[in-house]
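One structure below.
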Amino acid sequence: MLIGIGLVLPQNLTHKEYLRIHVRANSNAQVDQDIKYLIKDKIVEYLTPYIAECNTKQKAESMIKSQLPAIENVADRVLISSGFKYKSSAKINNEQFPTRVYGNLTLDGGYYDALIVELGDGKGENWWCVVYPPLCFTGGGTNYQYKSKIWAIIKSFFGDTQS
């Protein structure tokens, strides 16, 4: 399940100004989808203080590149502690993505730079978010909930007009 929230981003941002994150599950088996969500929570938790220090996409991308081994370590620890035999791989790549609409947030189809975290074969459905500007959300059903650290970053990035 992909989660979004009604948030209008500045219309002048282009594909080149976004840095996405995709966590791709090993497969669509329920066990692989469940572990994907645990891992994405740990990765978002790990990256949040680093992203908070970034005020440009270039700084965010540079920071993430320096943290790729640590990101894989975060994911692999969850996999190992949960009894999985496969590992993760993390990279920054420019890939083509389809248009995604979630509430009032629309990311047009096209090529985006993204942190790609593949779990095992990476053939399952993915969880996505935007690392920069930082828009990672969690929640389920109709009860959306911001991660408090992320909300603070969003407010500082866009000003306090999103309350």
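The values are calculated or read from the model by the stated rules, or taken from the named source; none is laboratory data. Note that the structure is predicted; figures quoted are calculated from it, not measured. A quick note on method: Cβ atoms are made from the backbone with ideal geometry, for glycine too, and the neighbour counts reach across all protein chains shown. Note: areas computed on protein heavy atoms with side chains; ligands, DNA, RNA excluded. Shrake-Rupley method; radii C 1.70, N 1.55, O 1.52, S 1.80 Å.
Inside region 49-74, residues that are farther than 13 Å from Glu118 by Cα, open to solvent by less than 80 Å² (accessible area, probe 1.4 Å) and charged (D, E, K, R) make up a count of 2. The set of residues in region 1-55 being part of a helix (DSSP H, G or I), of a type in the set (D, E, K, R), at pLDDT 95 or above and in contact with a Phe, Trp or Tyr (Cβ under 9 Å, 6 or more places away or on another chain) consists of Asp32, Lys36.
Candidates in region 19-48 are the residues that are under 14 Å from the mean Cα position of the chain (by Cα) and open to solvent by 20 Å² or more (accessible area, probe 1.4 Å); of these, the one that is nearest to Gly83 (Cα to Cα) is Leu38. Residue count for region 75-91, restricted to those that are within 15 Å of the chain's Cα centre (by Cα) and surrounded by fewer than 16 Cβ atoms within 10 Å (Cβ to Cβ): 1.
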